[in-house]
Amino acid sequence: MSKIEDIVDSLENKISKILHRQEVLKQTNAKLSEELKQCQQKVVYQQEQINSWVEKYESLKIANSMLGSDDNKRDTKLKINTLIREIDNCIAQLSE
């Protein structure tokens, strides 16, 4: 009978350890999930910042070429031509 009790006690100990380990893993998982969420938010914010800086850079390139810089004149002319075409399309649609 003592042998069965020892086996039951051993099983209870093992189950207790497993349940404790499971709880620790749940807490760790929750912590990691929160860190992941924060990192994802940070990535989104940084991507928005990058997009903002790219737009500012493009505006500066156009401004420099309008001020006489030869580096970006071709790009500026293409951009202006595109804008003129879009305006022409809008005028044509309004005329109809």
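The values are calculated or read from the model by the stated rules, or taken from the named source; none is laboratory data. Bear in mind that the values here come from a model prediction, so they are computed numbers and not experimental data. With ideal geometry, Cβ positions are generated from the backbone for all residues, glycine too; neighbour counts draw on all protein chains shown.
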Next item on the list: Would you mind telling me which numbered condition in (1) farther than 30 Å from K79 by Cα; (2) loosely packed, with under 10 Cβ neighbours inside 10 Å L67 fails?
Entry: (1)
Check: Within the group S33, S59, which residue is in a helix (DSSP H, G or I), small (G, A, S) and modelled with pLDDT of 95 or more?
Finding: S33
Check: Mind checking whether some residue in the stretch 83-93 is surrounded by 10 or more Cβ atoms within 10 Å (Cβ to Cβ), part of a loop (DSSP other than H, G, I, E, B) and out of contact with any Pro (no Cβ under 6 Å at 6 or more places or on another chain)?
Finding: no
